[in-house]
Amino acid sequence: MDKPAILGGDPVRTMPFSLRKCFGEEEKKAAVDVLENGNLSGFLAAPGKYFNGGQKVQEFEQAWAKKYNFKHAISVNSWTSGLMAIVGAIGIEPGDEVICSPYTMSASATCALFYGGIPVFADIDPKTYCLDPASIESRITSRTKAIIVVHLFGGVADMNSIMKIAERHGLIVVEDAAQAPGAFYKGKPVGTIGHIGGFSLNFHKHIHAGEGGLIVTDDESFALRCRMIRNHGENYVDAYPELQINNTIGGNFRFTEIQAAIAIEQFKKLPSILEHRNNLASHLIQKLEGVRGIVPPTVDEGCTHSWYLFPMKYDAEEVGMPRALFVRAVNAEFPEPSSQEQVAMTQGYVYPLYRSRVYQEQKAIGKSGFPFNVNEKIKYDYSDGICPVTEDSFEKTLLLTGLVREPLTIKDVDDFSSAIEKIVSHSKKISIKFADHSDFSQMESTVDVASRT
Ligand SMILES: *Cc1c(COP(=O)(O)O)cnc(C)c1O
């Protein structure tokens, strides 16, 4: 009865995991109300009353700002747009270096390239998967202008140490909290512990409007510049001769009224979503404590985790089987998933960003190598080995599950931990059976498309 499914035994369960159901009557009604009222966007690209958008857009921004005490909240059509606006607003110029994490969605670093900034990758801390302060410090040069910190998987980076380094070197700190809405670091909400930050509202995230994002900052000037970049700032500066015009040409990064109306309702649900995920995660941590070769995540005193994903550390030697085989064996304990959301376990997260062609070939804008060639005497290094902790997590030690989410239950999480325990206890038999299969890397997709976005 206890025989692993991968060896022909009965699986832990045959019922698929329920899919997320994000929207209820509230969102439907909110969207229909906007349609009936007919004003689908309140923006006008000229100074004046309509420069900052319509009623729903402003109501959404104020709701989020008020709850977390952010001075300014600026909605955008995606968090990628938000990151681009931030890079412009903080004054990144061609040749400026921006310290980034290599272990994140690609936009957390490519945003710098749009303004000619050069992403310089620092390594992550093996405990938090977020930038390691010591590694950040080792990457600082006279050309460094900013650090983009990512609160990965919903956990928070070591912000006190990072802010100290930033102050010492006069650097601006951007917080990419796309995966960590509502997380707290030592009593402070993420987003404005650094100088500016924000959240994503794409459909994978805790709450969403299909697409969307929100920039938050306590800095007046950064907020104004983000608002300009969001909405054709070249038209705005003409009315205010005292404004600096560099980096203020704008895009159209505007959130629509329907999206905002939906997002207002979604935002009301964030506290209960966070509580639900936290209950499941706390339970799973307890269950996994003491399982040989598996280390559950830890949350520091005074901090909260948003549980976008639940990371675990894997020790192949202790468990007695290669990671890819382990993942395959655990997933075999569950029915074939019909969507990414139902996959019980994945490994490795995304490959280190510097392995992307944009860094390998050092070409982003045009054919000449701009902006990597702006600082003529400097050679940028994006070769393997520059961030060993990231590479190790990607290749060997990181396991992930997305099962700590609504509407899943303690029973679902128990099934997951039972599958893990079952496979760990049978690792010898399984690895003997699969000893000939040398190429485990082909067994599971290491890069899960959902977590890239
Ligand atoms: C989702 C995500 C982004 C991009 O957000 P979009 O709203 O999809 O543009 C950026 N950074 C991280 C860490 C993310 O998870």
- Item | Cβ-based net charge around Gln55, under 13 Å, with every Lys or Arg adding one and every Asp or Glu removing one | -2
- Message: Among Leu224, Ile430, Tyr68, whose Cα projects farthest towards the positive end of the dipole of the chain, with charges put on the beta-carbon of Lys, Arg (+1) and Asp, Glu (-1)?
- Response: Leu224
- Task: With a 10 Å radius around each residue's Cβ, average the other Cβ atoms per peptide and rank 400-408, 100-108, highest first.
- Result: 100-108, 400-408
- Message: For a protection proxy built on the mean count of beta-carbon atoms within 10 angstrom, sort 12-18, 294-300 highest first, please.
- Response: 294-300, 12-18
- Task: Compute the Kirkwood hydrodynamic radius of segment 25-268, taking the inverse of the mean of 1/r over all pairs of distinct Cα atoms, and give it in Å to one decimal.
- Result: 18.0 Å
- Query: What does the accessible area of Ile378 come to, in Å² to the nearest 10, when a probe of 1.4 Å is used?
  - Reply: 50 Å²
- Query: Residue farthest toward the positive end of the dipole of segment 149-305, with Cβ of Lys/Arg at +1 and Asp/Glu at -1: which of Leu288, Ile193, Asn252?
  - Reply: Leu288
- Which of the aspartates and glutamates could a cross-linker bridge to Lys49, judged by Cα under 18 Å and excluding same-chain residues fewer than eight apart? Glu59, Glu61, Glu234, Asp238, Glu257
- Packing-based order for 232-239, 137-144, 263-270, using average beta carbon neighbours within 10 Å, highest first: 263-270, 232-239, 137-144
- Task: Normalise the Debye intensity by I(0) for segment 122-215, one equal point scatterer per Cα, no solvent, then take log10 at q = 0.14, 0.19, 0.21, 0.22 Å⁻¹ and round to two decimals.
- Result: -0.49, -0.85, -0.99, -1.07
- Task: Given a cut-off of 24 Å, name the pairs among Lys56/Lys188; Lys21/Lys186; Lys269/Lys422; Lys145/Lys379; Lys205/Lys396 whose C-alpha atoms lie farther apart than that in the structure shown.
- Result: Lys56/Lys188; Lys21/Lys186; Lys269/Lys422; Lys205/Lys396
- Accessible area of His283, 1.4 Å probe, to the nearest 10 Å²? 40 Å²
- Task: Based on a Kirkwood Rh over C-alpha pairs, give the Stokes-Einstein translational diffusion coefficient of segment 1-143 at 4 °C and viscosity 1.567 mPa s in µm²/s.
- Result: 64 µm²/s
- Note on the structure: Rounded to one decimal in nm, the spacing of the 7 Å Cα→Cβ label points at Thr141 and Glu395 is 2.6 nm
- Determine the calculated [θ] at 222 nm for the chain from helices alone, applying -39500 (n - 2.57) to every DSSP H run no shorter than 4 residues and normalising by the residue count; nearest 500 deg cm²/dmol. -10500 deg cm²/dmol
- Lys/Arg +1, Asp/Glu -1 at C-beta; the chain dipole; positive extreme among Leu7, Gly320, Phe334: Phe334
- Honestly segment 174-309 on the Cα gyration tensor test (a ≥ b ≥ c root eigenvalues; a/c under 1.5 rounded, otherwise a/b vs b/c for prolate or oblate) is just prolate
- Cα→Cβ-extended label distance, 7 Å offset, between Asn279 and Glu361, nm: 5.1 nm
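The values are calculated or read from the model by the stated rules, or taken from the named source; none is laboratory data. Just so it is clear, the structure is predicted and the values come from calculations on it, not from any experiment. Glycine gets a Cβ as well: all are built from the backbone with ideal geometry, and neighbour counts include every protein chain shown. All accessible areas refer to the heavy atoms of the entire protein, side chains included, with ligands and DNA or RNA removed. Shrake-Rupley method; radii C 1.70, N 1.55, O 1.52, S 1.80 Å.
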